[in-house]
Structure formats: structure tokens, C-alpha cells
Amino acid sequence: MDIRAGIIAAIVLSVLGALFVFRAGYRAWLSARKLTFYRIKRQRERGGIYTMLVALLLLSGSVLLYFYGEPVAYQYFPPSLTPSLTPTITLSPTITPTPFIPLAIEALFESDVTPNPNAVFSQLQFMLNCDNFNEFESATVFQNPIRYMCAVFTYDQMIPGSQWTALWYRDGQLVHYDTIPWDGEVGGYGFTEWEAPAEEWLPGTYVVQIFVGLDWKRVDQFILQGDAPTVIPTVTLTPSRVPSPTRTSTVTKTPIPPSPTPATVAP
């Protein structure tokens, strides 16, 4: 059972307990009205009222658990990923410049909430499926063809509404990004994803950078091997009009009449 499931179970038990205690106190208060002796009646009424107050306290506690239980729990028990890792090639660390957000992406910021500089992120776990955070297999080396990649992480001390950004680079070239106001909780699981046609997933080293505001929090990478599938262009043949043959006119030969023979004059 994780922290979220434990908090939900505690809320359900608190609400059920509050209803049970309130019912017992209310029944005690009603039964006191039927008693004849004044002192016993007053004692029974006070007992019923105190019991109902305890029920209201339990109900208030469940409300506090709903709004503040999980963030407080994450402060004492920071979440951590426990994936079942598959054997992969170990990536050797390389010296890279300090990550920064390009000005063109910084211009897209929407949030006015001041981010928490103490926000923390765990190591990114790369996987091809993000449907279930509790059971997944992560790796650092993948084979083409793929169409989707997801980077899962745990986080803590985030402020809802603050700007966060994820930059995806391939061999130093920016290929994808996300920058939006944070819509998650104070602590828990999170992810950044990229889905694209298979031909856009070129082989190389992919680096994912996580920022809160302008401060970078995490940088991790994975390798994609194998050539991306090639898009085969389809040739559309358009029938062309064949010119119709030109009819040649037939020349009619007109017979030329014989020239007249000059007449001979007798001497």
C-alpha cells in the first residue's frame, strides 16, 4: 500500500468511525430524555453530547486528512520509484553545460505563481508505457521502431500553478518541449511524454531536462538504437490526355485541259 492508498483508507475509516460514534451519542442523548431522575438524566445527556462532539472531531480530522494528509506525509516519507529494472547498457556520465531554457520557450510562460526553489525531483525512469506507475519496466536503451516515450519521476514541495518545463533533446538538438503551469499535487508521481510518428524517432542520445520556473531540477538521458522507418512516398499517376490525330486533308488533283493547237493558215 502506498501513501495515497493509506491516506484514502484512513479517511474512509475516520468517516465511518465518526458516523458510528455520532449514532451512539445521539441514541444516548435520546434515551436520557426518558429517565425520571434529574441527576442521572443530566449525566446521560452530557455523555451523549460529548460523544457526538467526539464524532464531529473525527469527521473534522477526516476532512483535514483529505486536504493536507498526503502533502504532510510526503514531507516525512519522500516518494521513491521502485520499478523492476531490466538489464540495460550503463550510460557513462558526460560533461554537459548547465541546462537552460531557450528564450523562445521562456516567452511562452503563463504562470504568475512564484515557484518553490526547494522543489525536488527524482531520477527520470524512461519507459514505453505510462499506464501504471506501480508496475512498470524502465530502461536506458531502446530499439526502433517506437512512437511513444515517457519519463516518470517522483516529486515533492511543488506549488500548484507554478510554471514547469520539460525539454527533450536529441544529440543536442531540441526536438520536443512541454511548458505549462503545474496542475499536480504538492508531492507524488509525475511524468513527461512525447508521441510522434515512427519516422521522427531518429537514433541517437536523447536528453530530458526538467525545470521549475527557470531553475533546472533534473537531467537524464536514454539511447535509441536502430534506424527509424523510412516513409515510402506514394506516386499518384495522373492520366494525361492523348491528343487526337489530326486529319490531313486529301488533295484532289484537277485535270489540266490541253492547250489549244494553233491553227495553220493556208498560203
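Only the coordinates and a few stated rules stand behind these numbers; no lab work does. Only a predicted model underlies this, so the values are computations on that prediction, with no experimental measurement involved. No Cβ is skipped: glycine too gets one built from the backbone with ideal geometry, and neighbour counts run over all protein chains shown.
For the stretch 179-228, the pair-distance distribution built from all alpha carbon pairs, in bins 10 Å wide starting at 0, is 18, 45, 27, 10, 0 percent. Between Lys217 and Ile210, Phe211, Val212, the built amide H atoms are under 5 Å apart, and every one of these is 5 or more places off in sequence or on another chain. Segment Asn118..Leu13, full-extension length gain: 34.4 nm, with 0.36 nm per residue of separation and the alpha-carbon distance subtracted.
Label sites at Tyr26 and Phe191, each approximated as a point 7 angstrom past Cα along Cα to Cβ, lie 4.5 nm apart. Taking 0.36 nm per residue of separation and subtracting the Cα-Cα distance, full extension of the segment from Ile180 to Leu214 would add 11.0 nm.
Label separation (Leu57 vs Asn129): 4.9 nm, computed from points 7 Å beyond Cα along the C-beta direction.
Computed packing ranks the peptides 186-194, 165-173 as 186-194, 165-173, most packed first, by mean other Cβ atoms within 10 Å. Between Asp227 and Lys41, the contour length at 0.36 nm per residue exceeds the Cα-Cα span by 58.3 nm.
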